[in-house]
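This report refers to the structure that appears directly beneath it.
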Amino acid sequence: MRAIVQAAKSEQWPAEIVAVISNKADASGLEYAAATGIATAVVANKEFASREAFDEALQQKIDQFAPDLVVLAGFMRILTAPFVAHYAGRMLNIHPSLLPSFTGLATHRQALAAGVKIHGTTVHFVTPELDHGPIVAQAAVQVLSGDTEESLAERVLVQEHIIYPRAVRWFVEGKLALDGDLVHVST
């Protein structure tokens, strides 16, 4: 989230980041956003009896800010199909693997256990299927002999901070076109 906010400001994107919303009141991104003048809100999932009720409240809160794009950054919740459908074609996520490989959690552990030589990160449009959706951008990192989950995660994170802001900017500038499950980027 910080990388996106910083890129938007330093590169003077033709866009405004209207809000940062979290399901956790102690999320560090909220403090950072508030310090930079971005509106913040919390919709605590623990206050709702069901995933559906939480998603409805979250959707209402997001829609109060009327965003053109919803960017998931560090948001570790599975979203319901109606929520995803509401933002279809205008919700991005980043996942720390080269999708479709290694969905879910512990992606770096999965990559090391599989013995892959290349790992990485993927920016994709969100669909109801967990960690799937039309791919906007990917960045690869070499898996090194002796890598640990932590060392691999550090190198992947560097790439995340490069490609996620780039993908969001492409959306903002109208350079992304969805064609079924494919994303075309005009440069």
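Among the GluC sites (Glu not before Pro) within the stretch 81-187, which fall in a DSSP loop and have no more than 13 other Cβ atoms within 10 Å of their own Cβ? Counting only loop positions with at most 13 other Cβ atoms within 10 Å, the GluC sites (Glu not before Pro) in the stretch 81-187 are Glu129, Glu173. Overall, the stretch 77-187 carries a charge dipole of about 200 debye about its Cα centre when +1 sits on the Cβ of Lys and Arg and -1 on the Cβ of Asp and Glu, all other atoms neutral. Both numbers refer to the Cα atoms of the stretch 139-187; Rg and Dmax are 14.6, 42 Å.
Kirkwood radius and radius of gyration were both taken over the C-alpha atoms of the stretch 33-95, and their ratio Rg/Rh is 0.95. Here the Kirkwood formula, the inverse mean of 1/r across different C-alpha pairs, assigns the stretch 2-185 a hydrodynamic radius of 17.3 Å. Taking the number of Cβ atoms within 10 Å of each Cβ as an exposure proxy, the fewest-first ranking of Leu176, Leu130, Leu112 is Leu130, Leu112, Leu176. When the helices of the chain are scored as -39500 (n - 2.57) per DSSP H run of n ≥ 4 and the total is divided over every residue, the value at 222 nm lands at -11500 deg cm²/dmol. Can you count the Lys pairs in the chain whose Cα atoms are under 24 Å apart, with each pair 8 or more apart or on different chains? Value for the chain: 4.
Each reported figure results from applying straightforward, stated rules to the coordinates on display, with no laboratory input. Nothing here was measured: the structure is a model prediction, and the numbers come from that model. No Cβ is skipped: glycine too gets one built from the backbone with ideal geometry, and neighbour counts run over all protein chains shown.
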